[in-house]
Every structure is written in structure tokens, then in C-alpha cells.
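All remarks here apply to the structure that follows.
The values are calculated or read from the model by the stated rules, or taken from the named source; none is laboratory data. Please read these numbers as outputs of a predicted model, since none were measured by experiment. As a convention, Cβ positions derive from the backbone with ideal geometry for all residues, glycine included, and neighbour counts pool all protein chains shown. SASA here: full protein model, heavy atoms, side chains in, ligands and nucleic acids out. Shrake-Rupley method; radii C 1.70, N 1.55, O 1.52, S 1.80 Å.
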Amino acid sequence: QRPVWSYSNWQEPDQTKFISQRAQAEISEGETWDTVSDQLLRELMIRVGRDIESRVYSEMVSADEVNIKRKGKEEEYNHTKVFKDYAKITSNIILDPSFGSSEVWVDAADQKVYCMYRINRKKYEAKVQKKKEENADLAYANLEDAYNIFGTSTPSITTLLKKISTASYYISKG
């Protein structure tokens, strides 16, 4: 039985809940449906990751416009830099194969493979929030270490700067 998502006119019924991408390919001679579906699923995961990254970027652009009106151009640069780092984090999370779900259907008569890759938005947002909290904890731990090093009678400047640099890295990651 052919699934409804494999038809060309199908649309995701609840786009507020899921982000999905679909693709199809013909099975050529010498290929198996497994290899074709693996290639398609990899491509779909990348496309979904790019879709999320572009959505994140477009939200950032509208936030920058508001920010420019309020605070001037200096703030625009800082906000954009932080957001680009955040976009990299989100796309890395999405490309984790265990994160989304996939479906494959093979039409043996026409020698075609249909694939769909789908991400639940709430799970995605929860995973992003968890990653932000982990980064905040790591930044806090490094800043606390730096504070303790600074409080000693002979602080190691090299170690102190490494801790501050590491904390800055985690802060920029969200």
C-alpha cells in the first residue's frame, strides 16, 4: 500500500508540529533500494538542516531590524555574530540521525524509492534548549575556575586567560 506522503501533491498536515522533506529516486542497474534510500535520507537530513538554519537566520534578520531601530549599528554586529554561532549549533543538532524519523517506501514495479525525513519541532526546541543550558553550565564552571585562580596569592595568568577564553567560547555558542 502506497503511503499518502509519497504522492507529489501531499503536504505536511501540521506544519506547526513537524518539519519534513521528501524525495524520490529511480533504482538504476547495479544499485539496491537500500543504497538509494540511504543516499536520499542523507540528502534529506541535510536539506532539513539547511531549512532550519535558514529559518533561524530569517528570524535573526527581523530581530536585527528591531535592534537597529532601538540601539544603533554597533549592537547589530554583536547580535549577528552570536546568532550565526547559534545557527551552527542548531544545524549540528538536526543532522544527528537519531533526532528525526524517516520513512522509506519502495515501488518495485516502477523501480522507484520514496523517502521522507521528519523532525518534531517541540523535540527540536527542547534539544536546542538543553544544548544552551549545557553551554551555560560549562561557561559558568570556567568563569568560576577563573575567579578562583584570580583569588590565589600567585595566579597563573596563562591558566586564567585559558579559562576566560573557554568560558567566552561557550557563551558564544548560546
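Quick notes on this one:
- Taking label points 7 Å from Cα along the Cα-to-Cβ direction, Ala126 and Ser156 give a separation of 4.1 nm.
- Solvent-accessible area of segment 128-174 (1.4 angstrom probe, protein heavy atoms only): carbon and sulfur portion equals 59 percent.
- Surface listing: Tyr147, Tyr169, Tyr7 arranged by accessible area from highest to lowest gives Tyr147, Tyr169, Tyr7, probe 1.4 Å.
- Val48 contributes an accessible area of around 0 Å² to the protein surface, as traced by a 1.4 Å probe with all chains present.
- With the cut-off at under 13 Å, measuring from each backbone N in segment 1-24 to a point 7 Å along the Cα-to-Cβ line of Ser102 picks out 21-24.
- If you plug the beta carbon distance of Asp110 and Lys17 into 1/(1 + (r/R0)^6) with R0 = 30 Å, you get a FRET efficiency near 0.45.
- Probe 1.4 Å - accessible area at Arg2, Å² to nearest ten: 80 Å²
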